[in-house]
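Here is the structure we will look at.
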Amino acid sequence: MATATFYFDLGSPFAYLAAERVEALLPGPLTWQPLSLGALFKLTGRSSWSLGDPERRRAGIAEVEARAVRYGLPPLRWPKPWPGNYLTAMRAATFADRVGRGREFALGAFRRSFQHGRDLSLPSEVFAAAGDAGLDPQEVEAATSDPQVKLALREATEAAHRLGVFGVPTFALGGELLWGDDRLEDAAAALAGAT
């Protein structure tokens, strides 16, 4: 059976939109792969649409909110401030993935952020999300300082970059990469054609 990989960062509202729909549209083996979008931007020389130009930011926020309505998702509640520094959150996601709770942690953390407006740049919010996902918050807190977890996130980000991933969400299907929440249906069609 064909497999798919979903590359995400918990700070991305477009990745949140994909996370809410990915399993319904990409049935079968699916890997949720955390990476550091900030580190990926450094590798690619890019930056977030949410920084810099205020009009571009307003347009992006409006687009995310419109897509959430189209997809039948709850109205977005934006964390304040947004975006923030999600390194601790992504280390927690990396640890959760290692212990078999990656999807549960990621989906819960996305909802905590974009449905409840909680700021995942605050470690206390990250560890609360970990507890909600069935993880020990103290164990997750320790893991976010673990050199092996830090290395695993860095290596995952660099490996994604080598494959050609330059933003999130990205869906990898065999050798094909599809970037953007709006490409999820294309990914589903490609996966269906490969099975």
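The values are calculated or read from the model by the stated rules, or taken from the named source; none is laboratory data. Given the structure is predicted, the values throughout are model-derived calculations rather than measurements. Ideal geometry is used to build each Cβ from the backbone, glycine not excepted, and the neighbour counts take in all protein chains shown.
Quick notes on this structure:
A quick yes/no check of all residues on (1) within 15 Å of the chain's Cα centre (by Cα); (2) closer than 21 Å to residue 77 by Cα:
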| residue | (1), (2) |
| --- | --- |
| 115 | yes, yes |
| 134 | no, no |
| 153 | yes, no |
| 168 | yes, yes |
| 175 | no, no |
| 181 | yes, yes |
| 185 | no, no |
| 192 | no, no |
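- With respect to the conditions (1) touching a Phe, Trp or Tyr at 6+ places or on another chain (Cβ under 7 Å); (2) under 18 Å from residue 14 (Cβ atoms); (3) aliphatic (A, V, I, L, M), residue 69 falls short on a single one, namely (1).
- Of residues in the range 25-39 being at pLDDT 90 or above and part of a helix (DSSP H, G or I), the one surrounded by the fewest Cβ atoms within 10 Å (Cβ to Cβ): 38
- Tally, over the range 164-195, of residues that are more than 12 Å from residue 5 (Cα to Cα) and either in a loop (DSSP other than H, G, I, E, B) or at pLDDT 90 or above (or both): 6
- Matching entry among 6, 95 (being surrounded by 23 or more Cβ atoms within 10 Å (Cβ to Cβ), farther than 20 Å from residue 177 by Cα and of a type in the set (Phe, Trp, Tyr)): 95
- Whenever a residue of the range 77-91 is over 15 Å from residue 129 (Cα atoms), its partners that are exposed (fewer than 15 other Cβ atoms within 10 Å of the Cβ), lying with C-beta atoms within less than 7 angstrom and at least six residues away or across chains, give the pairs 77/116; 77/117; 78/117.
- Test: residue in the range 128-143 that is surrounded by 22 or more Cβ atoms within 10 Å (Cβ to Cβ), β-branched (Val, Ile, Thr) and outside any loop (DSSP other than H, G, I, E, B): yes
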